[in-house]
1. So if I check each of Val44, Val9, Val14, which one is surrounded by fewer than 23 Cβ atoms within 10 Å (Cβ to Cβ) and touching a residue at least 40 places away in the same chain (Cβ under 8 Å)?
2. Can you tell me which condition Asp395 does not meet? The list is (1) surrounded by fewer than 20 Cβ atoms within 10 Å (Cβ to Cβ); (2) of a type in the set (D, E, K, R); (3) modelled with pLDDT of 95 or more, and all the others hold.
3. Filter the range 335-365 down to residues that are among the small types (Gly, Ala, Ser) and within 13 Å of the chain's Cα centre (by Cα) and give me whichever is surrounded by the most Cβ atoms within 10 Å (Cβ to Cβ).
4. Test of understanding: among Ile343, Ile377, which residue is within 15 Å of Asp229 (Cβ to Cβ) and assigned by the TED database to the domain that holds Ile282?
5. Any residue in the range 66-88 that is in the same structural domain as Leu32 (by the TED database) and in a loop (DSSP other than H, G, I, E, B) sitting within a Cβ distance under 9 Å of a residue that is more than 8 Å from the ligand (Cβ to nearest atom) and hydroxyl-bearing (Ser, Thr, Tyr)? List the pairs, counting only those 6 or more apart or interchain.
6. Does Gly146 count as outside any strand (DSSP E or B), buried (at least 20 other Cβ atoms within 10 Å of the Cβ) and on the phi > 0 side of the Ramachandran plot?
7. Which one is nearest to Trp469 (Cα to Cα) among residues in the range 408-455 that are touching a strand residue (DSSP E or B) at 6+ places or on another chain (Cβ under 6 Å) and surrounded by 14 or more Cβ atoms within 10 Å (Cβ to Cβ)?
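The values are calculated or read from the model by the stated rules, or taken from the named source; none is laboratory data. Here the structure is a predicted model, which is why all the values come from computation and not from measurement. Positions of Cβ are generated from backbone atoms using ideal geometry, with glycine treated the same way; all protein chains shown enter the neighbour counts.
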Amino acid sequence: MTKKASIGVTGLAVMGRNLARNLARHGHTVALHNRSGERTRELVERFGSEGEFVPAYSAQEFVDALERPRQIVIMVKAGAPTDAVIEEFAPLLERGDVIVDAGNAHFADTRRREAALRERGLHFVGTGVSGGEEGALHGPSIMPGGSAESYASLGPLLEDIAAKVDGTPCCAHIGPDGAGHFVKMVHNGIEYADMQLIAESFDLLRGALGLEPAQIADVFRTWNTGRLDSYLIEITAEVLAHTDAATGKPFVDVVADAAEQKGTGRWTVQIGLDLGIPISGIAEATFARSLSGHTGLRAATRGLAGPERTPLTGAAAERFADDVEQALYASKVVAYAQGFNQIQAGSAEYDWNIDLGAVASLWRGGCIIRAKFLDDIRAAYEAEPALPTLLTSGDFRKAVEDAQDAWRSVVSTAVRLGIPTPGFSTALAYYDALRADRLPAALVQGQRDYFGAHTYRRVDREGVFHTEWATEARAERPA
Ligand SMILES: NC(=O)c1ccc[n+]([C@@H]2O[C@H](COP(=O)([O-])OP(=O)(O)OC[C@H]3O[C@@H](n4cnc5c(N)ncnc54)[C@H](OP(=O)(O)O)[C@@H]3O)[C@@H](O)[C@H]2O)c1
């Protein structure tokens, strides 16, 4: 009789196939299934020698191939296909079995599915997986939600195949029901912000200094040896140094400058609004992609007047790359601070009790935003789990305060030369708004009371007040 599999993967496109191979390479026997049998056959033919696979060509065969409690990883297109696959398997499973959705599901769908399957005695584990196809094969960052009980059996397998940093797996139980997919969503939102800030740095170095992409690649390589050391900076240098074979031009100059924003970036912004958390860095990055894609609007407005774009010279030019590094670092701290605050708010709203230090720790490797920087975030939350914002944590506070002059100078240069830097600008505005003694929200409250009797509070007395704006006397009364 064939050995039973300790885990099964259904959905064997690039992600599922690589996760299955990763599990098998770590000595686990993996049952395989896909809607169309071709992908299953192909995996066994091409990679069968990498470990022990049990191919199955029907749902029943797949379920029968698994040890109890059965652990089934679904890696199919998010949305309706995930529901269809759950409905295909759930009736064949028994109490205590575990269904893992490792696709990019919306956390609200995960909450709904988890509640429904719990009623049927099944565990449902919504799991974020980051790192693309290479990560899935060589070690992704894994963010599992679901019950603590399901993590007890599933966790060791996931930790086995996750990326490792200093011997620690980039995988930890995030919290109940949708917590894992929520954290994955914010990860992707932060990824948007980080990429936008890097892209603005490139645009600034080119627009204000007149550097060529290959020269800017060298600047990024240098930055990658310091505090900005990260996967995204590393690949940016590679992309900028790449020459298009067909034209001999820098690759970045032959790529259409219209980016896409879909799925998780948009969800992060929507949920930020729902929770009332100002994630302006992620929002600006999402809008920047959206704006770039409005090619008709951009064509219609191309002739609008702007300033003369004379490149910097002398001492200002000498200093500029270093100033941009500081502005990038400070803006990045703001974007991550906002993202972590969003996780904190989601955790409070849904009672997830998420350990922010553990989240930072498991993002240190395997995922797209992996960076040295995340180790500093981990340390900040370990030292003070209830930190109100990363901006007040010792080392980050000092770094941002030290960077502020350069940050302001870069944003002013951008404004003066007409180089759009929504990411840098919004991060600086957030920093200035947070540290302000008084905000013009006081005036907004006055306006709201004037036109809508929305009432206001006073700085010097308890209570809620309304002013009779329509009367001559404009008398104030408690509301
Ligand atoms: N690609 C990445 O870098 C990445 C990174 C992280 C997470 N993810 C997430 O991982 C998941 C898988 O991604 P992917 O790129 O490998 O594959 P995909 O293109 O998103 O999905 C293809 C897979 O879904 C199956 N499928 C589609 N509709 C189905 C249905 N109604 N019933 C059963 N199976 C169905 C396909 O089966 P057939 O072969 O029969 O068509 C195929 O196995 C997605 O949720 C994705 O968002 C992807």
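1. Val14
2. Answer for Asp395: the failing condition is (3).
3. Restricting to residues being among the small types (Gly, Ala, Ser) and within 13 Å of the chain's Cα centre (by Cα), the top hit is Gly339.
4. Only one candidate qualifies: Ile377.
5. Glu67/Ser6; Glu67/Thr29; Pro69/Ser150; Pro69/Ser153
6. Yes: the conditions hold for Gly146.
7. So the residue we want is Asp449.
A quick yes/no check of all residues on (1) at pLDDT 95 or above; (2) surrounded by 10 or more Cβ atoms within 10 Å (Cβ to Cβ); (3) among the acidic types (Asp, Glu); (4) touching a Ser or Thr at 6+ places or on another chain (Cβ under 7 Å):
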position: Leu275; (1), (2), (3), (4): yes, yes, no, no
position: Gly281; (1), (2), (3), (4): yes, yes, no, yes
position: Ala285; (1), (2), (3), (4): yes, yes, no, no
position: Ala288; (1), (2), (3), (4): yes, yes, no, no
position: His294; (1), (2), (3), (4): yes, yes, no, no
position: Ala299; (1), (2), (3), (4): yes, no, no, no
position: Thr310; (1), (2), (3), (4): no, yes, no, no
